[in-house]
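Asker: Structure in structure tokens, see below.
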Amino acid sequence: MSRAHCMNPSTHDSGTPANRLAQETSPYLRQHAHNPVDWHPWGPDALELARRTDRPILLSIGYSACHWCHVMAHESFEDAPTAALMNELFVNIKLDREERPDLDKIYQLAHQMLTQRGGGWPLTMFLSPEDQKPFFGGTYFPKEPRHGLPAFTELLRRVAEFYRTHRAEIRTQTEALMAAFAELQAAPVSTEPLDATPLDRARQMLAQEFDSQYGGFGGAPKFPHPTHIEVLLRRWRATAGSEEPDLHSLYMATLTLTRMAEGGLYDQLAGGFCRYSVDPFWMIPHFEKMLYDNGQLLALYAQAALATGDELFARIARETTGWLLREMRSPEGMFWSALDADSEGHEGKFYVWDQSSVRAALDAGELAVFAPRFGLDQPANFEGQWHLHGYRAVDDIAGERGTTAEEVNRLLDAARHKLLAVRDRRQRPGLDDKVLTSWNALAIGGLAHTARALGYAEAGSAALAAVDGLRRSVWQGNRLLAAYKEGRARFPAYLDDHAFLMDALLESLQLQWRNEDLDWAVALADLLLAHFEDREQGGFFFTADDHEQLVHRSKSYADEAVPSGNGIAARALLRMGFLLAEPRYLDAAERCLRSAWSYIERYPQAHGSLLIALEEYLQPPQVVVIRGPAKECGEWQAALNKVYAPRRLIFAIPNPTPGLPAALATKTAQAEAETVAYLCEGLTCSEPLQSLSALTSLTRI
């Protein structure tokens, strides 16, 4: 897959005239611009055509790094007879799930209800032309019948015939589906006092699901589940000062982080994590590398390094930062979305090795430690080749060779450097070079955590540059947009965009105080309350009240590949409320928790981001505001940053900083040469603390 064109080779131009998708910004849609299928982007023109011609809509949803999306494209969408049948029977709409998560959420849920099976990508849905309500669906369909699936062309004929002859039955079914959608959001709002019971139950359930040998939760395919790990780290920290600290929570978190870092899920040469492991050992990944995974995991590894002092976690955070800045940063300072799983038409080809090419690149000393460390002396583990995976411990290799661990690591680093140079000459996986607001916010948060925990200034500079890039690109007319590419910002932003960015701004303000960042966070909070909040039931809808009207306005609470927008919104609003003494934000956060309470009680481990918000509702975070000369403010802040304290926010606001809101303007040193700090818990603040020792004596949590 050519990085320059961001296209899969199976979808390159082969002489077929470009269709409407050529004018789109999505690299995924452009991959299909030369299909013989008469593709439309989602929009009024396509929907009106379906109504006017009374042809059902074939909605195909995918994304650029999706392996099976490429397979279906090659088998069916590039095939002229299949395309002709699609064009005859349907109005065909292609959708990038990353640009339109609102539509993807609706139709993934519809698929699950219609088929009683999990969804995924590519998602293939058939919709009624008059109202876009789904009546049939599936995921990948093969060109020829296999694995119990019908041939795609046969399916097309049967669906079109069913639509033509069973209109009344379809209407009845879609009405029942819409009623089921509404029922999902009808959970009662809690009026009882909120308590820590779900936090305790989540800890128990995660322990039951924990893989004590390889880390992680559940079996294959095995996903990182960042919110699980964060909940456990915070659980350990909350009990660390007690007579019975929860060391097993720390063990579950750190074993998982260690096994992922040593396994094939992690790119052992360049840094950064793949999407998930197909086995329980973290050995062979699905090779796509997504910005949202890496932003979340970057924050976790930085926090774990701070909590434990483990150099492995610090190294992974530094290397993943390096990969983000080297391979994923746009010229405007923001971050691109994904690297494909495929190159040259094969999944993982860019990443795997044969023994001869490794031998040719390394000297004898390097090979002698690299081969046992990463399994090259073991049988091939990926289609006759080797994907690098940590087999032997460095200390064991050092002992066998009669040398030191430091010397083994030196040789390993030299070998990795040489092999990365060889790999960089290969044809690269495709790059999805669109900028997504929500995913960039996760990356900003990860970089900010890394900068503070490790004292890594380059990570902090990159975080602030990304904030500035987003402000220039996706903040227009005091409203937020969801995606940006080639100078064009598109799509009204979703809940995740607002919530994740507000949370990221709170992290960036702890790197460097900038009034404009606080102002932006306040504007985002106000937009959430004005346009997204469910004023009757509490919580936040995924789309704004002035968004395009769709068949369903979703409101979900569970974490998925990214944390729940409701969970991040609740936590960020709590923190904003305590920082600014703003009851509107605190009340909205409480309403959100109450609206989600029945879900949190029943399935606490699936709602990690809401559990974190609940923890900070029950035990308000410490907010430390340091005022005085910039240099000393920074020194005090750096001293506090050396302790893992997830419920603490530390803002160093140098004097003079005019234009602060009232709650912060009152926290000012009496003289510009004096440094003081204020420690607030909830809405109660200390008297000015005039020494770092006085401050640290009160900040123990």
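The values are calculated or read from the model by the stated rules, or taken from the named source; none is laboratory data. Keep in mind it's a predicted model, so treat the numbers as computed, not measured. For neighbour counting, all protein chains shown are included, and Cβ atoms are generated from backbone atoms with ideal geometry for every residue, glycine included. Accessible surface areas use protein heavy atoms only, side chains included; no ligands, DNA or RNA. Shrake-Rupley method; radii C 1.70, N 1.55, O 1.52, S 1.80 Å.
Asker: Please tell me if M260 is in contact with a helix residue (DSSP H, G or I) (Cβ under 7 Å, 6 or more places away or on another chain), in contact (Cβ under 8 Å) with a residue 24 or more places away in the chain and of a type outside the set (K, R). Even if it seems obvious, please write down each step before you answer.
Answerer: On the way: in contact with a helix residue (DSSP H, G or I) (Cβ under 7 Å, 6 or more places away or on another chain): no; in contact (Cβ under 8 Å) with a residue 24 or more places away in the chain: yes; of a type outside the set (K, R): yes.
No.
Asker: So, one more: Does D496 satisfy the criteria of being part of a helix (DSSP H, G or I), open to solvent by 10 Å² or more (accessible area, probe 1.4 Å) and out of contact with any Lys or Arg (no Cβ under 6 Å at 6 or more places or on another chain)? Spell out the reasoning first.
Answerer: On the way: part of a helix (DSSP H, G or I): yes; open to solvent by 10 Å² or more (accessible area, probe 1.4 Å): yes; out of contact with any Lys or Arg (no Cβ under 6 Å at 6 or more places or on another chain): yes.
In short, yes.
Asker: Still on this structure, I have one more. Can you pull out the residues in region 194-235 that are part of a helix (DSSP H, G or I), over 20 Å from the mean Cα position of the chain (by Cα) and touching a residue at least 24 places away in the same chain (Cβ under 8 Å)?
Answerer: T197, P198, L199, R201, A202, R203, M205, L206, A207, E209, R235
Asker: If we keep just the residues of region 44-63 that are open to solvent by 10 Å² or more (accessible area, probe 1.4 Å) and part of a loop (DSSP other than H, G, I, E, B), which is nearest to E344 (Cα to Cα)?
Answerer: The qualifying residue nearest to E344 (Cα to Cα) is Y63.
Asker: Out of region 661-677, which residues are over 34 Å from the mean Cα position of the chain (by Cα) and either modelled with pLDDT under 95 or not aliphatic (A, V, I, L, M) (or both)?
Answerer: A662, A665, T666, K667, T668, A669, Q670, A671, E672, A673, E674, T675
Asker: Here's a follow-up. For F141, work out the one condition from (1) over 25 Å from Y494 (Cα atoms); (2) open to solvent by 20 Å² or more (accessible area, probe 1.4 Å) it doesn't fulfil.
Answerer: Result: F141 fails condition (2) only.
Asker: Further question: One residue is enough: does region 109-116 have a residue meeting the conditions part of a loop (DSSP other than H, G, I, E, B), touching a residue at least 24 places away in the same chain (Cβ under 8 Å) and either within 27 Å of P429 (Cβ to Cβ) or not aliphatic (A, V, I, L, M) (or both)?
Answerer: no
Asker: Let me ask you something else. Just to check your reading of the model, which residue among L95, L103 is among the aliphatic types (A, V, I, L, M), in a strand (DSSP E or B) and open to solvent by less than 10 Å² (accessible area, probe 1.4 Å)?
Answerer: Being among the aliphatic types (A, V, I, L, M), in a strand (DSSP E or B) and open to solvent by less than 10 Å² (accessible area, probe 1.4 Å) holds for just one of L95, L103, which is L95.
Asker: Could you say whether any residue in region 531-550 is within 30 Å of A662 (Cα to Cα), open to solvent by 10 Å² or more (accessible area, probe 1.4 Å), out of contact with any Pro (no Cβ under 7 Å at 6 or more places or on another chain) and part of a helix (DSSP H, G or I)?
Answerer: There is at least one residue in region 531-550 that is within 30 Å of A662 (Cα to Cα), open to solvent by 10 Å² or more (accessible area, probe 1.4 Å), out of contact with any Pro (no Cβ under 7 Å at 6 or more places or on another chain) and part of a helix (DSSP H, G or I).
Asker: Consider S598 carefully, then state whether it is out of contact with any strand residue (DSSP E or B) (no Cβ under 7 Å at 6 or more places or on another chain), open to solvent by 10 Å² or more (accessible area, probe 1.4 Å) and farther than 19 Å from Q510 by Cα.
Answerer: yes
Asker: Going by what's in this entry, would S609 be described as under 17 Å from D534 (Cα atoms) and in contact (Cβ under 8 Å) with a residue 12 or more places away in the chain?
Answerer: No.
Asker: Six or more apart or on different chains, Cβ under 6 Å: which pairs go from a residue in region 37-55 that's modelled with pLDDT of 95 or more to one that's open to solvent by 60 Å² or more (accessible area, probe 1.4 Å)? Could you list them?
Answerer: These pairs meet every condition: H40/R20; R51/E130.
Asker: Suppose we filter A663, A639, A588 for residues that are of a type in the set (A, V, I, L, M, F, W, C), farther than 28 Å from E533 by Cα and touching a residue at least 12 places away in the same chain (Cβ under 8 Å); which single one remains?
Answerer: A639
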